[in-house]
Structure formats: C-alpha cells, structure tokens
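Enquirer: Okay, handing you the structure first.
The values are calculated or read from the model by the stated rules, or taken from the named source; none is laboratory data. Here the structure is a predicted model, which is why all the values come from computation and not from measurement. As a convention, Cβ positions derive from the backbone with ideal geometry for all residues, glycine included, and neighbour counts pool all protein chains shown. Areas reflect the complete protein model, heavy atoms only, side chains present, ligands, DNA and RNA absent. Shrake-Rupley method; radii C 1.70, N 1.55, O 1.52, S 1.80 Å.
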Amino acid sequence: QVQFVESGGGLVQTGGSLRLSCAASGSIFRFHVMGWYRQTPGKQRELVATITSGGSTTYADSVKGRFTISRGNAENTVYLQMNSLQPADTAVYYCNKFPREENYWGQGTQVTVSS
C-alpha cells in the first residue's frame, strides 16, 4: 500500500508562488507516471500536471506556463512549483499516480490565493 503526503500549501496573494511537495511511503518510480491533481468544493478532482519516470511532463491548459512539475532526487518525491498564482488556482492539491488510484489519495494541501 502506498501513502502520499502532500505539503507546502498556504495563503498567497495573486501573483505569488508556492512549491508543493509530495512524499510517498515507498518508491514511486514503479509508477511510470505521477500526477498532481486539485479539487474545489462542488467540483470533480482535476488533473493539473503529470511527469513520467523519464521526466516528460504534461500540463492542464489552465496552468501551462505557470506551474512546473518535477521529481526530487529522492526516489519518493514529486514537486509542483506554482508561479503567478491566481484566485482560480485556489483548491486542495493532491498527488497520485496517473491514472489515479483511488486508494492512494492523501489528505492534500490547501492552496488559497487571495485577490
């Protein structure tokens, strides 16, 4: 069983930056693709970014050019650098494999962007 622990969220003003971290209880490199997801109340959880074991990345159109996903040197970490944050980015952010595994969701980390 894998557990993901997200951290790094907080309250920032529009235009600010945050770096989210995801630590897994075990090696995540057995998961070919890792992803960051986010969810706001009343909406479905959406995919924000993915990264393959080889380092290839994809981004949702809404964050392209502002967010950067990366893998840490440790084999069990994934990061999400978020720049030029906007109020629409306010959400709880989660990491998981892609495609997602429902049993692997952690508590997430809250990101709030004030206008």
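Enquirer: Highest mean first, how do 54-64, 77-87 rank when packing is the count of other Cβ atoms within 10 Å averaged over residues?
Expert: Values: 54-64: 12.5, 77-87: 18.4.
With the highest mean Cβ count within 10 Å placed first, the list reads 77-87, 54-64.
Enquirer: Between Cys95 and residues 5 or more places away or on another chain, which pairs have amide H atoms under 5 Å apart, with H built 1.01 Å from N, and which residues are they?
Expert: HN-HN under 5 Å from Cys95: Tyr37, Gly106.
Enquirer: Run the 1.4 Å probe and let me know the accessible area of Ser70, rounded to the nearest 10 Å².
Expert: Ignoring ligands and nucleic acids, Ser70 comes out at about 40 Å².
Enquirer: Keeping all protein chains in the complex and leaving out DNA, RNA and ligands, what accessible area do you get for Trp105 with a 1.4 Å probe, in Å² to the nearest 10?
Expert: Estimated to the nearest 10 Å², Trp105 gives 50 Å².
Enquirer: For a bin width of 10 Å, list the pair-distance distribution of the stretch 49-101 built from all Cα-Cα distances, rounded to whole %.
Expert: Taking all Cα pairs of the stretch 49-101, the binned fractions are 20, 57, 22, 1 percent.
Enquirer: Give me the dipole magnitude in Debye, nearest 20, for the chain about the Cα centre, with unit charges on the beta carbon: positive for Lys and Arg, negative for Asp and Glu.
Expert: Details: 10 positive and 7 negative charges, 21 e Å.
That gives a dipole near 100 debye.
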